[in-house]
């Protein structure tokens with residue numbers, strides 16, 4: 001499910017944005033949860049608690065922190081979710097694109113322009129999800145390029161993700177949850193409950209182990225070897 005956050009201190013524009021999103025979704029096949037915030041501080045509190053959204057619609061002119069400051073805080077935390085700015089002035093257009101805004105809508109915005117902005121952010125989000133996984137690691141949020149992952153190993157309540165930069169990152173998540181994220185890339189295979197391997201990063205497969213591109217040998221259940229071999233050859237036949 002995709003999560004959208006709308007932050008606007010004016011109720012009429014908050015309701016308008018929500019109704020336009022509902023109208024857009026009525027003709028698009030997306031499963032979406034929309035959250036509304038009437039202050040930037042409420043949204044920042046949400047972010048501080050680790051509750052993140054896939055798309056942000058931010059009013060620029062708000063009491064306290066402006067929408068531009070909220071966007072800067074997101075980017076400071078390496079949160080690359082698409083942002084649509086909602087504002088009454090064009091004065092901040094260049095600044096908006098400086099924080100990587102996907103779209104900039106001037107109030108009162110029309111349905112056609114709003115729908116066009118949503119088309120663009122959903123396309124951007126689709127591209128991002130094909131390239132990156134987003135995790136909270138050691139209290140910080142990071143984008144991990146999927147093509148940099150060699151394999152993962154379960155360690156208690158964590159997954160140790162080994163990257164081709166020789167870095168290992170530890171994520172508090174189950175192997176099943178991690179694989180649910182990775183399986184969409186069509187190049188990962190789960191070996192038993194402990195390991196998930198990247199098929200293009202495999203150097204060779206033995207009778208009871210897998211040797212990865214970084215030289216690590218992973219001993220996996222023998223029962224998983226036939227399925228792994230089949231997935232490995234299927235992958236390279238399709239590329």
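The values are calculated or read from the model by the stated rules, or taken from the named source; none is laboratory data. As the structure is a prediction and not an experimental result, all values here were calculated from the model. As a convention, Cβ positions derive from the backbone with ideal geometry for all residues, glycine included, and neighbour counts pool all protein chains shown.
Is it the case that residue 237 is over 19 Å from residue 144 (Cβ atoms) and at pLDDT 95 or above? No: the conditions fail for residue 237. When segment 1-25 is filtered for residues that are under 14 Å from residue 122 (Cα atoms) and loosely packed, with under 13 Cβ neighbours inside 10 Å, only 1 remains.
If only residues of segment 141-174 that are assigned to a loop (DSSP other than H, G, I, E, B) and in contact (Cβ under 8 Å) with a residue 40 or more places away in the chain are counted, the one that is surrounded by the fewest Cβ atoms within 10 Å (Cβ to Cβ) is 166. Restricting attention to segment 129-140 and to residues that are out of contact with any strand residue (DSSP E or B) (no Cβ under 8 Å at 6 or more places or on another chain) and assigned to a helix (DSSP H, G or I), the residue that is surrounded by the fewest Cβ atoms within 10 Å (Cβ to Cβ) turns out to be 130. Screening residue 194 on (1) more than 26 Å from residue 49 (Cα to Cα); (2) modelled with pLDDT of 95 or more; (3) over 20 Å from the mean Cα position of the chain (by Cα); (4) crowded, with 16+ Cβ neighbours inside 10 Å shows it passes everything except condition (2).
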